[in-house]
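Participant: Once you've had a glance at the structure underneath, I'll fire off some questions.
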Amino acid sequence: MKDTLGREISYLRISLTDLCNLRCVYCMPPEGAKKLAHQDILSLEEVEEIAREAVALGVRKIRLTGGEPLVRRGMLSLCQALGRLPALEELTLTTNGLLLPQMAAELKAAGVDRVNISLDTLDPQKYARITRGGRLEEALAGIRAAKEAGLTPVKINCVLIGGFNDDEIPALAALTEAEPVEVRFIELMPIGHTTGFGPEAYLPCEAVLERLPQLQPVPASGGVAERFRLPGAAGAVGLIRPLSHCFCDRCDRIRLTADGYLKPCLHSREEIPLRGLHGADLRQRLAETILQKPERHGELSFRERSQSARDMNQIGG
């Protein structure tokens with residue numbers, strides 16, 4: 001289905017939970033997410049119904065997110081149900097990877113095609129600091145498990161933070177040399193609990209090109225990432241630049257929060273309630289929301305913050 005600007009809206013991101021087994025400093029408050037009452041979050045049956053109606057309107061890709069989606073009880077059965085939707089072309093998952101050693105094979109069997117794994121540093125101490133207590137070796141074990149299970153091509157999401165991990169750009173990009181993974185550098189977004197970061201943290205992805213002048217452009221794969229490759233590398237390097245290179249003109253996604261609101265734009269306060277709607281009424285509300293998708297979000301910078309009323313763990317990215 002197209003919006004009023006002619007953009008084909010074919011991608012639905014579904015947050016299954018606000019909760020996470022990490023507390024990354026750019027994603028949630030220090031005390032972690034407040035657990036919602038059971039009745040305040042969508043049941044898996046409700047999620048499936050909304051997804052089914054979205055696919056009927058033209059959604060062809062669904063990504064399950066959080067928080068951390070793998071901590072949601074019963075999510076494997078949801079994956080099986082979504083994987084059976086006949087018109088759905090791709091079912092993916094964004095995760096911190098910590099639970100993949102136990103779950104990767106089951107996820108693949110349930111119909112998940114591939115995963116994106118968050119990894120902002122290769123330094124164990126810095127990983128513990130940015131995640132407020134996480135262990136790097138567990139995240140790396142998750143990446144290995146995803147590869148072994150065939151949840152490929154694995155994409156590694158790295159939030160680029162000036163003064164924290166910009167010195168690791170070459171090392172992170174080098175992960176693509178021997179294996180067909182894609183390391184994607186993502187500009188830090190001024191949303192929610194990123195208020196503690198100074199202006200130096202908002203480093204443009206141009207820094208990656210400056211540190212790695214040998215990068216060669218390669219064709220895009222249909223998403224918002226600009227893609228490059230190190231000479232002779234098996235994988236690719238992606239740049240996602242929501243601050244320095246706005247890509248609203250080609251945005252193809254809508255987002256469903258764990259408590260049942262549809263966000264037509266990540267950085268807008270607008271949220272459309274879907275709970276309690278079924279059948280034709282639900283499909284109509286989805287269609288109306290797609291048609292109302294704004295042309296673009298406001299300016300984003302250290303001083304010009306996102307208008308979203310939620311933290312990233314409450315939206316799913």
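The values are calculated or read from the model by the stated rules, or taken from the named source; none is laboratory data. Keep in mind that this is a model prediction, so the values were computed, not measured. All Cβ positions, even for glycine, are placed from backbone atoms using ideal geometry, and neighbour counts span all protein chains on display.
Participant: Answer yes if at least one residue in segment 51-73 is in contact with a Gly (Cβ under 7 Å, 6 or more places away or on another chain), at pLDDT 95 or above, not in a strand (DSSP E or B) and not basic (K, R), and no otherwise.
Facilitator: No, segment 51-73 has no match at all.
Participant: Here is a follow-up. Mind telling me which of the residues R253, R275 ends up being within 23 Å of A54 (Cβ to Cβ), at pLDDT 85 or above and touching a Gly at 6+ places or on another chain (Cβ under 6 Å)? It would help to see each step written out before you state the result.
Facilitator: Numbers: R253 fails: touching a Gly at 6+ places or on another chain (Cβ under 6 Å).
Step by step, each of R253, R275 is checked, and only R275 is within 23 Å of A54 (Cβ to Cβ), at pLDDT 85 or above and touching a Gly at 6+ places or on another chain (Cβ under 6 Å).
Participant: Continuing with this model, one more query. For segment 233-292, which fully contained strands (runs of 3 or more DSSP E) count at least 3 residues that are over 22 Å from A37 (Cα atoms)?
Facilitator: Where strands (runs of 3 or more DSSP E) fall fully within segment 233-292 and carry at least 3 residues being over 22 Å from A37 (Cα atoms), they are 236-240.
Participant: Filter segment 83-131 down to the residues that are among the charged types (D, E, K, R), surrounded by fewer than 23 Cβ atoms within 10 Å (Cβ to Cβ) and farther than 16 Å from V71 by Cβ and list them by number.
Facilitator: R84, E89, E90, K108, D113, R114, D123, K126, R129
Participant: Applying the selection to segment 117-162, what residues are part of a helix (DSSP H, G or I) and of a type in the set (A, V, I, L, M)?
Facilitator: Passing the criteria: A128, I130, L136, A139, L140, A141, I143, A145, A146, A149.
Participant: Can you run down the residue pairs with Cβ atoms below 8 Å, 6 or more apart or on separate chains, where the first is in segment 253-266 and over 16 Å from L64 (Cβ atoms) and in contact (Cβ under 8 Å) with a residue 40 or more places away in the chain and the partner is crowded, with 21+ Cβ neighbours inside 10 Å and basic (K, R)?
Facilitator: The qualifying pairs are L266/R255.
Participant: Mind checking which residues of segment 16-46 are under 13 Å from Q314 (Cβ atoms) and in contact with a Pro (Cβ under 8 Å, 6 or more places away or on another chain)?
Facilitator: L16, T17 - these are the residues of segment 16-46 that are under 13 Å from Q314 (Cβ atoms) and in contact with a Pro (Cβ under 8 Å, 6 or more places away or on another chain).
Participant: P219 versus (1) assigned to a loop (DSSP other than H, G, I, E, B); (2) over 29 Å from I41 (Cβ atoms); (3) in contact (Cβ under 8 Å) with a residue 40 or more places away in the chain: which is the lone unmet condition?
Facilitator: In the conditions (1) assigned to a loop (DSSP other than H, G, I, E, B); (2) over 29 Å from I41 (Cβ atoms); (3) in contact (Cβ under 8 Å) with a residue 40 or more places away in the chain, P219 misses (3) alone.
Participant: Report whether or not G74 is touching a strand residue (DSSP E or B) at 6+ places or on another chain (Cβ under 6 Å), over 27 Å from M189 (Cβ atoms), surrounded by fewer than 17 Cβ atoms within 10 Å (Cβ to Cβ) and not polar (S, T, N, Q).
Facilitator: no
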